1. Among the residues of the stretch A:39-55 satisfying the criterion of being within 9 Å of another protein chain (Cβ to nearest Cβ) and surrounded by 20 or more Cβ atoms within 10 Å (Cβ to Cβ), which is farthest from A:VAL26 (Cα to Cα)?
2. In the set A:ASP223, A:ASP134, A:ASP179, A:ASP175, which member is more than 24 Å from A:TYR64 (Cβ to Cβ), within 13 Å of the chain's Cα centre (by Cα) and of a type in the set (D, E, K, R)?
3. Got at least one residue in the stretch A:79-89 being within 12 Å of chain B (Cβ to nearest Cβ), of a type in the set (D, E, K, R) and assigned to a loop (DSSP other than H, G, I, E, B)?
4. Filter the stretch A:116-150 down to residues that are outside any strand (DSSP E or B) and in contact with a Gly (Cβ under 7 Å, 6 or more places away or on another chain) and give me whichever is farthest from A:ILE180 (Cα to Cα).
5. Among the residues of the stretch A:56-71, which ones are more than 10 Å from every other protein chain (Cβ to nearest Cβ), surrounded by fewer than 19 Cβ atoms within 10 Å (Cβ to Cβ) and closer than 24 Å to A:GLU173 by Cα?
6. Would you point out which residue out of A:ARG142, A:ARG112 is basic (Lys, Arg), more than 8 Å from chain B (Cβ to nearest Cβ) and farther than 18 Å from B:LYS444 by Cα?
7. Only one of (1) surrounded by fewer than 24 Cβ atoms within 10 Å (Cβ to Cβ); (2) closer than 27 Å to B:ALA235 by Cα; (3) among the small types (Gly, Ala, Ser) fails for B:GLY285. Which number is that?
8. With respect to A:GLU76, determine if the residue is among the acidic types (Asp, Glu) and over 15 Å from the mean Cα position of the chain (by Cα).
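The values are calculated or read from the model by the stated rules, or taken from the named source; none is laboratory data. Just so it is clear, the structure is predicted and the values come from calculations on it, not from any experiment. Cβ placement follows ideal geometry from the backbone for every residue including glycine, while neighbour counts extend to all protein chains displayed.
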Amino acid sequence: MSVLEIKNLHVNVDNHEILKGIDLKVNLGEVHSIMGPNGSGKSTLAQVLARRETFTVSAGEVSYHGRDLLAMKPEEAAGEGIFMAFQYPVEIPGISNAYFLRSALNAIHRYRRLDEIDAMDFLPMFREKLKLLDMDERLMNRSVNEGFSGGEKKRNEILQMAVLEPKLAILDETDSGLDIDALRIVAQGVNAMRNSELAIIVVTHYQRLLNYIVPDLVHVLVDGRIVRSGGPELALELEARGYGWMEAGARHATPA
Amino acid sequence: MSTNMNTIQDLADREYKWGFVTQVEEERVSKGLNEDIIRVISAKKNEPGFMLQWRLKAYHHWASLEKAQAEPKWANVKYGPIDYQDIVYYSAPKQKPGLTSLEDLDPEILRTYEKLGIPLQEQKHLAGVAVDAVFDSVSVATTFKEKLAELGIVFCSFSEAAQKHPNLVKKYLGSVVPYTDNFFAALNAAVFTDGSFVYVPKGVRCPMELSTYFRINAANTGQFERTLIVADEGAYVSYLEGCTAPIRDENQLHAAVVELIALDNAQIKYSTVQNWYPGDKEGKGGIYNFVTKRGKCLGVNSKVSWTQVETGSAITWKYPSCILQGENSVGEFYSVALTNNRQQADTGTKMIHIGKNTRSTIVAKGISAGHGQNTYRGQVKIMKGATGARNYTQCDSLLIGDKCGAHTFPYIEVRNSSARMEHEASTSKIGEDQLFYLRQRGLKAEDAVSMIVNGFCKRVFRELPMEFAVEAQKLLGVSLEGSVG
């Protein structure tokens, strides 16, 4: 069953067209990777799916579990199970990581009309997730992302994903700024969450993350269009040959 | 901008919910200010002679300042001229003579305080908080008085103190804020009508929070109250102050004075949540809150700590300060000031280090939204004899939207080279990226704004007594509604 279906999506920023007709279908349990050179529109696509409102959708449709995703506010999309791991997580001084996560979880619970979780029940579940990402418990009493290293911030994103248990996770350049050990830990965390109910979109510039999180399908985004789709071997080919050879043919390519 | 911001904008129209008017029969004097009015006020309060003499001296001083047009103009706020002859200086709800218990109080007034969430019946009240309720110019009720009296603590209206404890009043009145201090302090000294008085005797730790709730009800009046708190040697008291007023198109003047005196080893903690009517979105109406608050650490090892959350008033002009006279004395100032719509605030503190090894801490958080203008003004003065003095100042501004302003004027004057001073300052803005991050995690836009603001204010909220901290957080949320756009 398809979780996400994107049809002919066109997106503008400041009257400049960034996405020029995207078609994509993601099924339950699948991991898709969106690759492409800088400025190709990868992050824009990720953020539009997470419902960032600074982007204008000029044409196209996106259905998520059969519902019109483009009509949802960001918090509604989150309530419906969409999670985005940010490329640049923001800092929230004065709000502890643990309090923030519990507030987020309870906001989603309220949206789904589930009981809220109190601090006592939250803690054990939380500790377990911390272990999954090999994170120091002390980070949890620190303010959200404040004074975190680049790697800690990215791990913190995946920790949030583990706690919020989304149905569609979008990882926006989660590998950027990670050293090889941190990359492995983050990838292990994501892999541990993989299951038949979760779909994942991994947005990345480099192939190396895909050595750890092996995708079912790889899509290459060039100049606002998906110019090629294929299996994991496509990522390896890109690693070897770069994006240049595909950019040249982008104009005439048809989406897979 | 995007609907991200519009969601918050939609909430803008919620009204100031404390803006109702209570229908009571008022007893008021005619408009204007002159010697006769002051004599009338003093007579109504049945004050001892020294009070009237002091008021008259203050009045003549003020009149000379007014003639010289010496109303302070240095603050970073703008308002039209105030006609001091167009204000009613005394207005009180009519009461039965010989009011002795709450049963005699006008039920309308009781209901007013219930509506404000301050029930005056002791059994209904929050455990551990005693309240003095000031309605326009007079104190209408003081709770837990007898219980406190058993410990020798005096907690009553200023009028009662002037009659029953004239020696204490005479000794300390004007000892921290003399009537010559400034224009508004002189005005207050001449016409102040009521307020609270607290005396905590030697070695007594006041077992409950003491509080005053100020309510302006009558139209065309000013509220001029005066609070005096004395903590004797080794005593401790925590005092809270809250305030609201009805919605009116005219501006109303509130010129209060607060004096705190801490003797050897005494501590006074003074917390304010100020929520006077701020005026409407276009800046029409609202309270002019021109207040002089100062604490004197007279004794060794004494401590005065101010915490204020200023969310109301059209204009705030207020600098709760500490005179650190006793050796090893400590002064603290924790402040959150919020200006939304057309509100203006010029607020901060003065820390005057006189004694040896005196220490002070200043943490000021200014939040500006809408067209609000927020100014921090602080002075840290280390006098010659203040060897080993230390000050730490942190001053942060948060901007919401792009039509508001934040301004900072820290003055530092050091006359003893052993002083150690630290000053940190920052300015930040709630960005669309921060809001999007929180909303992507499931939080509604308005909850996201409140979370960011509460995080910003945390260092100050931590200093507030528990019930007050919760109240302050809620208040900040309400005051900010509609602020992003």
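1. A:GLU53
2. Testing whether each residue is more than 24 Å from A:TYR64 (Cβ to Cβ), within 13 Å of the chain's Cα centre (by Cα) and of a type in the set (D, E, K, R) leaves just A:ASP175.
3. yes
4. A:LEU132
5. Hits for the stretch A:56-71 are A:VAL57, A:SER63, A:LEU70.
6. None of the others qualify; the one that does is A:ARG142.
7. (2)
8. yes
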